[in-house]
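J.: Structure below; questions to follow.
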Amino acid sequence: MSESNGSRAGTLSRGALLVFIGLIVTELLAGLDQTIFTTALPTIVGQLHGMDLQQWVLLAYLLTSTLVLPIYGKLGDLMGRRDLFLIAIGIFVAGSVLSGFAGDMGWLVVGRAVQGVGGGGLMILSDTIVADIIPARQRGRYMGIIGAVMVLSAIAGPLVGGWFTDGPGWRWGLWINIPLGLLAWAVTVVFMRLPKRATGRLRVDWAGMLLLSVALTCLILVTSWGGTTFPWGSAQIVALMAVTAIAGVLFVLVERRAAEPVMPLALFRDRNFNLATFGGLAAALGMFAVDGYLPTYLQMVSGVTAVQSGLLMLPMLVALMVVSVGAGELVTRTGRYKSLPIAGAVVVAVGLLLLSTLTPATPLWAICVSLGIMGVGLGASMQILVLIVQNEFSVSMVGVATATNNYFRQVGAAIGAAIVGALFTVRLTGLLSGQTSVDISSGVDSLTPQLVRALPEPARDVVIGSYSQALAPLFLYLIPVVAVSVVLLFVLREKPLATTTDTELETLARSADASVAVGVLDAEAAASEETPDSPGEPRPTGDGSGRACNG
């Protein structure tokens with residue numbers, strides 16, 4: 001069976017399947033490194049002696065991986081994705097080597113930033129390469145698997161990090177990327193065959209990339225430093241806010257004139273794109289807030305080890321994987337998708353509500369149930385939202401559209417992690433500052449799980465109670481954002497999903513039997529006309545996604 005026919009039948013050729021497996025490996029690598037150090041941080045800080053930089057071990061990776069998303073997406077559309085994918089693998093492995101041999105916290109943070117430059121490319125290019133080889137109607141099945149792997153990696157990160165920390169050492173969590181990265185490189189070189197898209201001189205929107213990077217970096221610094229390192233009204237925070245606003249305005253002006261904008265403003269004229277992007281941002285905000293700080297809560301409040309805290313995150317992982325794959329399969333079979341992200345967002349809100357009620361007396365099984373509910377909601381929504389975005393645009397735009405969608409999802413993750421971390425620190429310091437039974441003269445960051453367990457019982461109870469009061473209610477603050485996404489997702493227009501890729505139609509159009517291509521176009525146009533967007537709007541043509549097919 002040819003690859004094209006295989007795609008339309010819902011199966012992949014051997015070569016495409018091997019490419020897909022390679023994408024899963026790289027997605028796993030990139031996702032794991034977002035959260036692998038959440039359970040290892042106390043040990044890392046103790047060995048490298050850099051308490052003031054500990055949050056940047058996580059934020060450096062999140063920040064750089066977010067910054068490069070639209071850059072990889074746009075360059076992939078312009079020059080093709082295969083060579084760019086190989087470059088991203090190389091940068092990621094180099095960052096892993098640099099981080100693995102770090103002698104101090106500053107070195108580790110720099111290595112993590114390099115890792116993020118590669119990891120962001122792996123995440124976005126994996127999603128867009130899937131769009132290159134699989135049509136939208138069948139893509140739900142495979143995007144469900146990619147989604148499961150993505151969240152598997154994010155949630156399994158604390159478990160893997162805890163295992164390495166309690167076992168051979170936290171550095172092995174970085175060194176393991178070297179053989180896996182080389183394997184992904186080999187699979188890509190041998191099996192991945194994608195067209196190069198560059199024609200003539202490559203025009204890169206360097207000004208847009210720079211302004212976007214400045215705006216996001218300053219925004220993250222505001223959310224992580226505001227109220228903690230500097231008062232909210234301080235000159236530093238006000239200056240960062242001003243730079244964020246100025247860079248944002250200049251970015252819009254530059255993008256309006258750029259020949260090949262890194263983030264085309266035309267994307268934001270598409271209703272489904274805007275709604276799905278906000279829905280993804282809200283889901284990521286909740287997921288990373290829980291995934292980033294609940295392992296610390298479990299170690300400090302419940303008294304479990306690093307490995308055990310990772311294991312206790314498994315209910316969210318398993319539920320998310322099962323539901324993500326099931327949701328993708330359901331979309332592939334029925335072609336309907338609108339109800340899934342709406343229901344998923346509602347369930348995420350319920351999960352956050354339950355987690356906000358945690359106390360030191362809450363049994364572990366109840367925490368696991370709450371995490372499982374979160375997993376169900378995330379699995380039903382996150383990758384379906386990516387599929388909705390991809391179905392809106394042609395192959396010449398799918399890379400930048402997917403990258404922009406993922407960019408804002410990562411922005412939600414980074415801002416959520418930064419805000420929750422900052423508020424948690426402020427609240428915890430305030431709760432403990434008046435407690436004479438606990439010495440925090442060296443700072444809240446000096447309280448490690450081992451130290452808490454060694455405290456006399458009265459002091460230990462104070463610390464445990466303070467940790468619970470400082471963190472659990474913060475999950476309640478995230479619910480309004482998720483609730484807004486529920487309302488907005490009701491306005492989504494459910495458009496028919498494409499049953500062929502643009503590349504397949506181009507191939508058919510160039511073939512001797514041009515009538516085959518015409519037949520495909522006619523059939524899909526007829527299917528599209530069954531569900532027009534709204535009166536007065538043009539009906540979708542070509543591939544059923546509201547975009548005109550090439551050929």
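J.: Being in contact (Cβ under 8 Å) with a residue 24 or more places away in the chain and touching a Gly at 6+ places or on another chain (Cβ under 7 Å) is the filter here, so list the residues in the stretch 237-254 that pass it.
T.: Matches in the stretch 237-254: 251, 254.
J.: Which of (1) in contact with a Gly (Cβ under 9 Å, 6 or more places away or on another chain); (2) on the phi > 0 side of the Ramachandran plot is the odd one out, the single condition residue 331 does not satisfy?
T.: (2)
J.: Which of the residues spanning the stretch 111-136 are in a helix (DSSP H, G or I) and more than 30 Å from residue 171 (Cα to Cα)?
T.: 128, 129, 130, 131, 132, 133, 136
J.: Also: Among the candidates 309, 370, 356, 302, which residue alone is surrounded by 18 or more Cβ atoms within 10 Å (Cβ to Cβ), over 30 Å from residue 271 (Cβ atoms), in the same structural domain as residue 478 (by TED's automatic domain parsing) and modelled with pLDDT of 90 or more?
T.: Checking each option against the conditions leaves just 370.
J.: Considering only residues that are free of Cβ contacts under 8 Å to residues at least 40 places away in the same chain and surrounded by fewer than 18 Cβ atoms within 10 Å (Cβ to Cβ), which ones fall in the stretch 174-189?
T.: Scanning the stretch 174-189 gives 179, 186.
J.: Okay, next question. Would you point out the residue of the stretch 100-118, among those that are of a type in the set (Gly, Ala, Ser) and at pLDDT 85 or above, that is nearest to residue 17 (Cα to Cα)?
T.: 118
J.: Output the number of residues of the stretch 336-365 satisfying the condition of being free of Cβ contacts under 8 Å to residues at least 12 places away in the same chain and either in a loop (DSSP other than H, G, I, E, B) or under 18 Å from residue 309 (Cα atoms) (or both).
T.: 4
J.: Output the residues belonging to the stretch 272-296 that are more than 25 Å from residue 398 (Cβ to Cβ) and surrounded by fewer than 22 Cβ atoms within 10 Å (Cβ to Cβ).
T.: 293, 296
J.: Could you check, for the stretch 225-233, whether at least one of its residues is more than 25 Å from residue 392 (Cα to Cα) and in a helix (DSSP H, G or I)?
T.: Yes, some residue in the stretch 225-233 is more than 25 Å from residue 392 (Cα to Cα) and in a helix (DSSP H, G or I).
J.: Also: Is it the case that the stretch 396-406 has a residue that's surrounded by fewer than 23 Cβ atoms within 10 Å (Cβ to Cβ), part of a helix (DSSP H, G or I) and hydrophobic (A, V, I, L, M, F, W, C)?
T.: yes
J.: Taking residue 300 as meeting all but one of (1) closer than 30 Å to residue 451 by Cα; (2) within 20 Å of the chain's Cα centre (by Cα); (3) among the aliphatic types (A, V, I, L, M), write down the number of the exception.
T.: All conditions pass for residue 300, except number (2).
J.: Tell me which residues, restricted to the stretch 200-248, are β-branched (Val, Ile, Thr) and in contact with a helix residue (DSSP H, G or I) (Cβ under 9 Å, 6 or more places away or on another chain).
T.: 204, 214, 217, 220, 222, 223, 228, 229, 237, 243, 244, 246
The values are calculated or read from the model by the stated rules, or taken from the named source; none is laboratory data. Just so it is clear, the structure is predicted and the values come from calculations on it, not from any experiment. Cβ sites come from the backbone with ideal geometry, for glycine too, and all protein chains shown count toward neighbours.
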